[in-house]
Amino acid sequence: MGENATPGLISELKLAVPWGHIAAKAWGSLQGPPVLCLHGWLDNANSFDRLIPLLPQDFYYVAMDFGGHGLSSHYGPGVPYYLQTFVSEIRRVVAALKWNRFSILGHSFGGVVGATFSCTFPEMVDKLILLDAPLFLLESNEMENLLRYKRRTIEHVLQVEASQEPSRTFSLKQLLQRLLKSNSHLSEECGELLLQRGTKKVATGLVLNRDQRLSWVENSIDFISRELYAYSIRKLQAHVLFIKAVHGYFDSRENYSEKKSLPFMIDTMKSTLKERFQFVEVPGNHCVHMSEPQHVASIISSFLQCTHTLPAQLQLWAWNYEDLVLPDSTLGL
């Protein structure tokens with residue numbers, strides 16, 4: 001494992017796991033408090049390239065590629081991806097890094113995985129920062145679809161594994177157009193940043209690095225009940241900062257269980273964690289940490305630097321849950 005100890009400079013890490021390796025990149029000071037950065041679904045560690053340089057460089061930031069993403073190894077044939085396997089990846093990574101206690105910065109799906117880890121291993125997590133992270137609550141309308149989701153997931157994985165077609169090759173322009181079409185919250189610059197780490201050059205062009213079995217989000221998530229969520233939050237020992245983008249994930253859903261889950265999530269954390277919970281709403285879209293990192297950098301910096309109380313102008317907004325409007329979207333996490 002090679003590391004560059006010069007503060008502020010990026011170094012690439014390659015951490016051994018039984019199926020290959022987990023790739024990661026690091027910033028800051030090796031002697032500083034450690035922060036593990038977790039990207040969103042189908043993204044990679046490059047999603048933090050524009051944010052981390054704006055954060056205090058006396059911390060040590062490691063942004064990992066989840067298995068099957070970025071430069072990390074794919075799981076072997078027949079081995080499925082589940083939320084719990086991504087949680088276990090965190091445990092493997094921090095063991096390799098010899099971290100006993102650390103903070104987590106998770107965007108979207110990375111926030112879901114990071115929060116699940118923080119509830120499962122509460123003694124290991126000092127601070128938990130959730131960047132526009134959803135909650136997959138098992139609402140009554142989803143109950144009707146749950147078995148259909150599980151069946152479709154299995155069939156999709158078998159279909160991908162049975163396919164003998166070689167990986168399709170594209171030009172950078174073609175891939176960028178495809179990415180931006182399905183992710184309207186990404187700018188062209190941010191899309192190029194993700195593709196730098198998310199593609200591999202071959203003789204005829206570029207191929208996507210990620211495991212095609214991940215192309216349906218249902219393969220990687222778990223729906224949980226309100227009771228299980230509330231029980232899990234009671235196990236948290238970490239201080240928690242939840243950052244919601246005004247035009248983010250929760251404002252891109254309509255007729256979806258997430259519409260009701262946000263008030264429940266905020267209320268549960270606020271009532272359970274009390275002074276250990278902070279909520280901030282910022283201008284920007286779902287990938288605000290990439291497109292407009294200055295909107296979140298000072299908030300995250302204050303939180304990491306152990307003040308546990310954000311400046312007055314960044315405190316919880318007075319807002320009405322009934323005013324939430326969640327238009328339809330097919331955005332990935």
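The values are calculated or read from the model by the stated rules, or taken from the named source; none is laboratory data. Note that the coordinates shown come from a computational prediction; the quantities given were computed from them, not determined experimentally. A quick note on method: Cβ atoms are made from the backbone with ideal geometry, for glycine too, and the neighbour counts reach across all protein chains shown. Accessible surface areas use protein heavy atoms only, side chains included; no ligands, DNA or RNA. Shrake-Rupley method; radii C 1.70, N 1.55, O 1.52, S 1.80 Å.
Listing for the model above:
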{"read-out": "GNM flexibility winner over the chain from LYS244, LYS260, LYS173 (Cα, springs under 10 Å)", "value": "LYS173"}
{"read-out": "Assigned charges on the beta-carbon of Lys, Arg, Asp, Glu; the stretch 139-198 dipole about Cα centre (debye)", "value": "180 debye"}
{"read-out": "Solvent exposure, largest accessible area first (probe 1.4 Å, DNA, RNA and ligands not counted), of THR85, THR204", "value": "THR204, THR85"}
{"read-out": "Residue-normalised accessible area of the stretch 36-111, given per residue in Å² at a 1.4 Å probe", "value": "29 Å²"}
{"read-out": "By accessible area with a 1.4 Å probe, ligands and nucleic acids excluded, highest first: order of PHE109, PHE223", "value": "PHE223, PHE109"}
{"read-out": "Spatial separation of Cα centroids for the stretch 192-241 and the stretch 69-92, in angstrom", "value": "10 Å"}
{"read-out": "Cross-link pairs LYS25/LYS201; LYS173/LYS201; LYS150/LYS274; LYS127/LYS274; LYS150/LYS244 - those with Cα-Cα distance over 25 Å", "value": "LYS150/LYS274; LYS150/LYS244"}
{"read-out": "Whole-percent pair-distance distribution, where bins are 5 Å wide, for the alpha carbons of the stretch 164-210", "value": "5, 23, 32, 23, 12, 5, 1"}
{"read-out": "Exposure of GLU165 as accessible area (Å², to 10), given a probe of 1.4 Å and all protein chains", "value": "150 Å²"}
{"read-out": "VAL202 - accessible surface, heavy atoms, 1.4 Å probe, Å² rounded to 10", "value": "50 Å²"}
{"read-out": "ASP222 accessible area, assembled protein chains, probe 1.4 Å, Å²", "value": "70 Å²"}
{"read-out": "log₁₀ of I(q)/I(0) at q = 0.15, 0.16 Å⁻¹ - the stretch 1-155, Debye sum with one point per alpha carbon", "value": "-0.78, -0.88"}
{"read-out": "The chain - percent relative contact order, Cα under 8 Å, separation 6 or more", "value": "19 percent"}
{"read-out": "Calculated log10 I(q)/I(0) by the Debye sum over Cα atoms at q = 0.07, 0.12, 0.14 Å⁻¹ (choose from (1) -0.33, -0.82, -1.02; (2) -0.41, -0.99, -1.14; (3) -0.27, -0.84, -1.18), label", "value": "(3)"}
{"read-out": "Selected from LEU147, LEU97, LEU304 as most flexible by GNM, with the chain as the system and alpha-carbon contacts under 10 Å", "value": "LEU147"}
{"read-out": "Solvent-accessible surface ranking, highest first, for TRP27, TRP99 at 1.4 angstrom", "value": "TRP99, TRP27"}
